[in-house]
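Report on the structure given below.
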2 protein chains.
Amino acid sequence: MTTKDKILDTAELLFSDLGFDNTSLRSITSKADVNLASVNYHFGSKKELIQAVMERYLSVLMPAIDEQLSKIATLNREPDLTLLFEAMVEPILKLESVRPNGAHTFMQLFAKAYYESQGHMKKFVNVRYGTVLKRFNTTLVSAVPHLPKREVFWRWHFALGSCVFTMGSSRALTDMAEADYQQRMGVAELIRGVIHFVAAGFAAPSVENIELYPNRDIA
Amino acid sequence: MTTKDKILDTAELLFSDLGFDNTSLRSITSKADVNLASVNYHFGSKKELIQAVMERYLSVLMPAIDEQLSKIATLNREPDLTLLFEAMVEPILKLESVRPNGAHTFMQLFAKAYYESQGHMKKFVNVRYGTVLKRFNTTLVSAVPHLPKREVFWRWHFALGSCVFTMGSSRALTDMAEADYQQRMGVAELIRGVIHFVAAGFAAPSVENIELYPNRDIA
DNA sequence: GTCTATATATAGATAGAC
DNA sequence: GTCTATCTATATATAGAC
């Protein structure tokens, strides 16, 4: 195994576990058993190392998502929401082929990236995969034609919150579920659970058409 | 205004904006125009400063939540989910009285605390307000008697994700909503929106009773 | 209570020998 | 490509004068 690969593998392990800011280049190189200076030699900077770690997954995930969106487009009917969300499962599970336990690792990385809102990552993803993201958004909007666009905007971010949070805490949550309810959840079941939840939230009638506080018994 | 208060006010401003780890004592003391060493004199350490900042809000929020739970208990009927969630709005809005814009600031702080998962905060909250948290959980479980407990566990965390994420990104999201849809959202509307979303997710039929992939057109 | 000065630790990055 | 040694910056925390 090359030095470069040793760095990448160790970095993704520590990044996904501790976050990007909380992982020092020193901890990576010592655990990977390579020299500290080799990170800058091979990657230039910590930022570029982070991008390289993410790119290994994004380069598999994004084309797979694009392909699913194409399949949906060929159906020649209004795409429904559950179909769209479920179509995201396969691309994520495909990440298992990138590295052992890849889907789980990527979800953790994704969540950490979101939490720490690394500006350079946002730019990086948008420049490289902006068209796929736009396409997903277009499909999403067309899947809920009865909702005002601003409603779609809000619900999408509510849903994203559930997904990111679940991804980031997946290890802790599955451990708790096993300890308290003897329930062994895999990555696939977890994704399906959260998808079911957010799809139901999306399917709710428009907030703008209902009375928000019908039950004022206690207020 | 005392030095201690100047530190608290400035700290909460920077913490809520940049997060705890990303805010140095130096940036706080220089912005508050007090001496660096005064933080350790008045609070002992950065950890204790963080706890003091949170405590100003928690000491108002938690008793208010407890009171709402009491009111729900006196209704003498199965508490419904929407009622329970809506009951949380008033306590949060009460935080406006702690400091100007307090509800918004607290939500940001809460989200950052969750993201950075500061171990000492978790302990601190559990020790001081564990009974209120337990009581909320008990009420939640009794509000959805048709769901298996493990389902409640999962859905609660999915819901929490939506809430935390929305709280943490509230400024960015409301700014986008105003720019793109000319929609001016206040804190109250935002909370109600996300509550409506997660209540719908909670109200969905149990995942364990439905076929998860009824629509396999594309997989 | 408030200040200066400093101890101590840890970051990311790089120069230059090999 | 790999290494040692070091630069530079920044962090929390504290000792001790006032």
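The values are calculated or read from the model by the stated rules, or taken from the named source; none is laboratory data. Keep in mind that this is a model prediction, so the values were computed, not measured. Backbone-built Cβ (ideal geometry, glycine too); neighbour counts: all protein chains shown.
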Quiz item: Quick one: would you say B:F15 is within 14 Å of DNA strand D (Cβ to nearest atom) and part of a loop (DSSP other than H, G, I, E, B)?
Solution: no
Quiz item: Can you find even one residue in the range A:149-159 that is of a type in the set (D, E), farther than 25 Å from B:M176 by Cβ and part of a helix (DSSP H, G or I)?
Solution: no
Exercise. Could you pull out the residue among A:V187, A:V198 that is modelled with pLDDT of 95 or more, crowded, with 20+ Cβ neighbours inside 10 Å and more than 21 Å from B:Q182 (Cα to Cα)?
Key: A:V198
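Limited to the range A:93-107, what total is found for residues that are surrounded by fewer than 20 Cβ atoms within 10 Å (Cβ to Cβ) and more than 14 Å from A:M62 (Cα to Cα)?
Qualifying residue count, the range A:93-107: 5.
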Quiz item: Residues of the range B:108-127 being in a helix (DSSP H, G or I) and buried (at least 16 other Cβ atoms within 10 Å of the Cβ), which ones?
Solution: B:Q108, B:L109, B:F110, B:A111, B:K112, B:A113, B:Y114, B:Y115, B:M121, B:F124, B:V125
Quiz item: Applying the selection to the range B:19-29, what residues are more than 14 Å from chain A (Cβ to nearest Cβ), surrounded by fewer than 16 Cβ atoms within 10 Å (Cβ to Cβ) and away from DNA strand C (no atom under 11 Å from the Cβ)?
Solution: B:S27
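Residue-wise test of (1) within 16 Å of DNA strand C (Cβ to nearest atom); (2) more than 13 Å from every other protein chain (Cβ to nearest Cβ).
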{"position": "A:T3", "(1), (2)": "yes, yes"}
{"position": "A:A11", "(1), (2)": "yes, yes"}
{"position": "A:A37", "(1), (2)": "yes, yes"}
{"position": "A:M62", "(1), (2)": "no, yes"}
{"position": "A:T105", "(1), (2)": "no, yes"}
{"position": "A:Y115", "(1), (2)": "no, no"}
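In a helix (DSSP H, G or I), out of contact with any Cys (no Cβ under 7 Å at 6 or more places or on another chain) and over 30 Å from B:T131 (Cα atoms), is that true of B:I7? Before the answer, list the steps.
Numbers: in a helix (DSSP H, G or I): yes; out of contact with any Cys (no Cβ under 7 Å at 6 or more places or on another chain): yes; over 30 Å from B:T131 (Cα atoms): yes.
So B:I7 fits the description; yes.
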Practice problem: Could you tell me which numbered condition B:P145 fails, if it satisfies all but one of (1) more than 16 Å from the chain's Cα centre (by Cα); (2) surrounded by 17 or more Cβ atoms within 10 Å (Cβ to Cβ)? | Solution: (2)
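Looking at A:E78, A:E86, A:E90, A:E67, can you tell me which residue is away from DNA strand C (no atom under 16 Å from the Cβ) and crowded, with 19+ Cβ neighbours inside 10 Å?
Working: A:E78 fails: crowded, with 19+ Cβ neighbours inside 10 Å; A:E90 fails: crowded, with 19+ Cβ neighbours inside 10 Å; A:E67 fails: crowded, with 19+ Cβ neighbours inside 10 Å.
Sole residue among the options that is away from DNA strand C (no atom under 16 Å from the Cβ) and crowded, with 19+ Cβ neighbours inside 10 Å: A:E86.
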Quiz item: Within the range A:40-50, which residues are more than 7 Å from DNA strand C (Cβ to nearest atom) and surrounded by 14 or more Cβ atoms within 10 Å (Cβ to Cβ)?
Solution: A:H42, A:F43, A:E48, A:L49, A:I50
Practice problem: For the range B:21-84, please list each of the helices (runs of 4 or more DSSP H) lying entirely inside it that holds at least 1 residues being within 16 Å of DNA strand D (Cβ to nearest atom), among the charged types (D, E, K, R) and under 27 Å from A:Y115 (Cα atoms). | Solution: B:25-32, B:46-73
